[in-house]
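Have a look at the structure below, then the notes.
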């Protein structure tokens, strides 16, 4: 059988959900960051798939994807820096233990 | 004919004096100088002159209304337009005169009463603002503009009742007053919105037109009117929301005088009168007004019978008189209700000033510690008695005329009529109880901080205003002897029940009420002056009633229970003392405590776990999606 | 048209719902008290499987690695944009050239910043 | 392509870079504040100069330069101006990183200005991220336990929400094959109704967009981060978040939902209803949870959730009127304008007090009425405006939005809102009471620096002006509400 748009969409949906699951369930901040990147990658797949199948003439989706990658990189950089600061503060990056402020 | 700019001045002048006092005098002038008082007094005298002029020109104006060009305040494209307009008719003019005059008298009096108080400048600053907002409320031409000043009045009363905020009781009384009246304001706001939603206008004159022509009718009108009446109930301390007024005694006595006579509480009555065409065209609303009024009248009077603090007695009498006014509005119409307000303003202000000067001399408000002041303070005594006779409704003093009109018009509803009659008796009784306990018998030593063992008359600056008010308390009633007042306010309907000074004696009702009042006075005389009957014996005789009145129908106890409940909640959740909700009263306290309870319960949701937050977001998204696919 | 692929959306909903369910169950059990909450070193280990690392994982390599990583990231990103521009250089012409110059200047400012902040030199 | 319309943004970019470079070479750090302020002023002047005539969009319709955008740009510039004024003293506590601080503030402002103009999903996403990422860094600027924790929470949740938003955008893009808002609208309107109804993709994408934007404006159920982040962040940044970032969120929502999903009617009714429900829940939740708070920044966090609820009423009205009349939109614009001054006033006062006390606990505010009357007065004014009592700006704003809602038969919502403002009076007045009636811990006066006083006076004047003479700003808002349709 040939690959259709739906396959890509399903793949991206699955990836997105895995990422979401990880982001909500993991306890290590770095892993959560990675999961978020995973979600963004899933979105990129959707974008490119759509662009390829819906509007083959234009490259809108691909361009969008490039920008997403850039933003994701920046986000990861800031994220790592912040996690670093947290680690310096309290030799630990388990997000379930990070609840100084509540209620 | 008065130029309309001057009408603007009437309520702008006190505002200017507020600015001057707050920003120039208070920071820069030293404590001793009394220039702040003179500033306000000057402003008010001019306002008074202008108000009188306004009244004069209103009387001559065609159908008693002055045209005032409007300024567009807020224009919302495709939406509403708010005019910064004034509505100047007979009602406005009369109220303007009353407020400016009474306020002026009280300010003069305060020069004596407040001298040397550390907050002297602050006092006059707030007083200016207070008077300004009341005047603004009176001249306001649309409901939003009115609501602004309505809120300002509430705010100022909060500041003035809590004037001596170092007394916790004062701070709490202030908060209580503020929040209880806010409950009423909420009703007011909803009423405004209902009316706006169905008419698309906030303009009072237009609303009148719509109501009279019957465009605005049915349940919409009824609910709108009742909503507005709720606001009035809150402000003028009618039955369910009356609890704040007796506690509002914590402020300086002149403030109480102003609040009780012309400014704060009369705002509610004025509001109903101002919107009267709406009430007139919805019988249900009108009946509500009448019933609430009648009930309040007797209810408050009965509590006045046993209070021992002279200011509390006066407070209950105020509530009861306001009940009368509402009753008058509900059964008779604008003219009757407002006429009573008009007279009441003078003698009630006088009574409070008298109480103030008594306190000035004896250093207490507890009547059991006074007595025998008749000889020591002749002026105070004379004026106080005049005011009491007037409030008791003795011919030919002012109280007689307005009260009898109300009673007569109440004949329509027999039950209310009976209540009114009983109230006449009670009023006479408790007023003269106060008179005899304060001035009769021998001096009983005064309060702990009494100035000296031998009290003496107050300085002239305090006596003169009292005399001036006394004169009006005698004669102000004569205005309507032949129904001029009624013709002026009544929009055509002529409410002249009496055709002359001596005409009442040709009729049954006046006799009846006079006899009842006389009996009340006689009883008070017998018990408290001549001691023919001992109060204690009487008290024991009517033990259940007595204690019922003394404990204010256990209303406060009822509220206490709510408070107790909240205390329990606090106990459950611990460390609650931080969240001060003392002084918030009754229902309000219930609401507040339940809200606090909810807050404390809900905040557990905020666990500080960011992943739970994320989960919450996800669930929210799904909830929205499903909501759309199943309900959308 | 994509309208036919609408069911993908429903599929996504199903998957997300499943995910959230999986996350909710343990929390719910925790809240219901069905699951005892007895943390111990093994459970709290950062890595669920494999060898427990000896010593602290983090202090083993220097922060500067991260700085280098971040700096490299900037370059990396820059290239993402340079590549498509280079491919269609003729089409884009002068305006495209200027745009890229602006981009490079901004990135250079970033480098200058890093340089002055002594990120690039090894202490 | 007409670059002159892009000058304000360019100016801001140049100045941000300038600040970074200066920081490397200049010893005297006060210069940085002056430079950034001058940059903001210049950008503001140019923006004002551009006001009035209807401009085309630039960068092939990716960026609109209509009055709507200009209005918001002015708001952001004003907020940034006040924030920097208020930070001058505050920044002394992280002496080493002042340059970054100001540069990041400028950059996030730039991002917001782009957000206001974004007319294309791509620009929209990038500008949003530019804003957020600078803010993530700013929130963690104090580097202590609370601050870093706040920024981590903000970062992770923000990243998740932006991923969700992005998925929504992808679905919209797939559904229509366009990323430009106007073209999206065209495609949707040309589609036969049953196609629209048949496919959940559009609705799904819309909901995901709402989720993503809802995070920025702190709408329930995406508001959980707000109290924690507000509490942990440096106070000027909290102020910045609570005003500017929220305003930016509303700018985007307004543009997207008005110009892309404004038609057909059943669609706009759909999202109108969503916003109405979110508004009701948001107000109630925010107000009720604010009552037991003891930390004033946290309290304001909850209160800003409630305020977001009031603002959403305007969106609901817009949905119910299907974009027919401007009341809902201009209502939101006016509310935001007054909210800027109100909240900035409150927060500046808090900065003035808390930096001296080193405490955000409400009970420590006791007796401020005696110790620093001016600040206490300003704070009181701000709180009264938050309650929505005359004569402060808040009253007019609420009145405006409520009347808009009432016109579109949302009376139930308005009644809920009114009840809520009664509840809110309770906790706002508690602060006032503590300040004026509480026993001061010490008698000695608290003095304030000139810049802080200036900022405070400006904010208070704004509150009073909008409260007493709202006419001009309202006309401005109505003018700005007619945004460019493509």
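Within the group D:248, D:193, which residue is more than 13 Å from chain B (Cβ to nearest Cβ), in contact (Cβ under 8 Å) with a residue 24 or more places away in the chain and surrounded by fewer than 24 Cβ atoms within 10 Å (Cβ to Cβ)?
Numbers: D:248 fails: surrounded by fewer than 24 Cβ atoms within 10 Å (Cβ to Cβ).
Answer to the selection: D:193.
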**Message:** Whether any residue in segment D:147-164 is surrounded by fewer than 24 Cβ atoms within 10 Å (Cβ to Cβ) and under 27 Å from residue D:477 (Cβ atoms) is what I want to check.
**Reply:** no
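Between D:364, D:360, which is in contact with a strand residue (DSSP E or B) (Cβ under 6 Å, 6 or more places away or on another chain) and either more than 10 Å from chain B (Cβ to nearest Cβ) or farther than 21 Å from residue D:468 by Cβ (or both)? Explain how you work it out, then say what you get.
Details: D:364 fails: in contact with a strand residue (DSSP E or B) (Cβ under 6 Å, 6 or more places away or on another chain).
Going through D:364, D:360 in turn, just one is in contact with a strand residue (DSSP E or B) (Cβ under 6 Å, 6 or more places away or on another chain) and either more than 10 Å from chain B (Cβ to nearest Cβ) or farther than 21 Å from residue D:468 by Cβ (or both): D:360.
Inside segment B:192-256, counting only helices (runs of 4 or more DSSP H) that do not spill past its ends, which hold 3 or more residues that are more than 16 Å from the chain's Cα centre (by Cα)?
Numbers: elements: B:204-212, B:218-235, B:244-247.
Because the criterion is at least 3 residues that are more than 16 Å from the chain's Cα centre (by Cα), the helices (runs of 4 or more DSSP H) in segment B:192-256 that meet it are B:204-212, B:218-235.
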**Asked** Checking residue D:180 against (1) within 14 Å of chain A (Cβ to nearest Cβ); (2) surrounded by fewer than 24 Cβ atoms within 10 Å (Cβ to Cβ); (3) out of contact with any strand residue (DSSP E or B) (no Cβ under 6 Å at 6 or more places or on another chain), which test does it fail?
**Response** (3)
**Item:** Residues of segment B:609-623 classified as in a helix (DSSP H, G or I), facing another protein chain (nearest Cβ under 7 Å) and closer than 22 Å to residue D:149 by Cα, total
**Value:** 8
**Asked** Of all residues in segment D:310-367 being in contact with a helix residue (DSSP H, G or I) (Cβ under 7 Å, 6 or more places away or on another chain) and assigned to a loop (DSSP other than H, G, I, E, B), which is nearest to residue D:431 (Cα to Cα)?
**Response** D:366
**Item:** Hey, residue D:282 part of a helix (DSSP H, G or I), within 12 Å of chain B (Cβ to nearest Cβ) and in contact with a helix residue (DSSP H, G or I) (Cβ under 6 Å, 6 or more places away or on another chain) or not
**Value:** yes
**Among the residues listed as D:227, D:221, the single one being closer than 22 Å to residue B:606 by Cβ, surrounded by fewer than 23 Cβ atoms within 10 Å (Cβ to Cβ) and in contact with a helix residue (DSSP H, G or I) (Cβ under 6 Å, 6 or more places away or on another chain)** = D:221
**Asked** Here are some conditions: (1) within 22 Å of the chain's Cα centre (by Cα); (2) away from every other protein chain (no Cβ under 11 Å); (3) at pLDDT 65 or above. Residue C:29 meets all but one. Which one does it not meet?
**Response** (1)
**Complete:** How many residues of segment B:147-169 are modelled with pLDDT of 75 or more and either at the interface with chain D (Cβ under 10 Å from one of its Cβ atoms) or within 17 Å of residue B:262 (Cβ to Cβ) (or both)? The answer is 16
**Asked** What about residue D:128, is it in contact with a strand residue (DSSP E or B) (Cβ under 7 Å, 6 or more places away or on another chain) and assigned to a helix (DSSP H, G or I)?
**Response** no
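Look at residue D:65 and say whether it is closer than 22 Å to residue D:347 by Cβ, touching a helix residue (DSSP H, G or I) at 6+ places or on another chain (Cβ under 6 Å) and crowded, with 20+ Cβ neighbours inside 10 Å. Quick ask: steps written out before the conclusion?
Working: closer than 22 Å to residue D:347 by Cβ: no; touching a helix residue (DSSP H, G or I) at 6+ places or on another chain (Cβ under 6 Å): yes; crowded, with 20+ Cβ neighbours inside 10 Å: yes.
Spelling it out, it is not the case that residue D:65 is closer than 22 Å to residue D:347 by Cβ, touching a helix residue (DSSP H, G or I) at 6+ places or on another chain (Cβ under 6 Å) and crowded, with 20+ Cβ neighbours inside 10 Å.
Take residue B:166 and decide whether it is touching a residue at least 60 places away in the same chain (Cβ under 8 Å) and farther than 23 Å from residue B:227 by Cβ.
Working: touching a residue at least 60 places away in the same chain (Cβ under 8 Å): no; farther than 23 Å from residue B:227 by Cβ: yes.
Judged against the criteria, residue B:166 is not a match.
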**Tally of residues being more than 7 Å from chain B (Cβ to nearest Cβ), more than 18 Å from residue D:347 (Cα to Cα) and either free of Cβ contacts under 8 Å to residues at least 60 places away in the same chain or not in a helix (DSSP H, G or I) (or both) across segment D:285-297** = 0
**Prompt:** In this structure, is residue D:170 farther than 19 Å from residue D:133 by Cα, crowded, with 24+ Cβ neighbours inside 10 Å and either more than 14 Å from chain B (Cβ to nearest Cβ) or over 15 Å from the mean Cα position of the chain (by Cα) (or both)?
**Reply:** yes
**Fill in**
In segment D:1-28, anything in contact with a strand residue (DSSP E or B) (Cβ under 7 Å, 6 or more places away or on another chain) and in a helix (DSSP H, G or I) is listed as D:5, D:6
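The values are calculated or read from the model by the stated rules, or taken from the named source; none is laboratory data. What you see is a predicted model, and the numbers here were worked out from it, not measured in a lab. Positions of Cβ are generated from backbone atoms using ideal geometry, with glycine treated the same way; all protein chains shown enter the neighbour counts.
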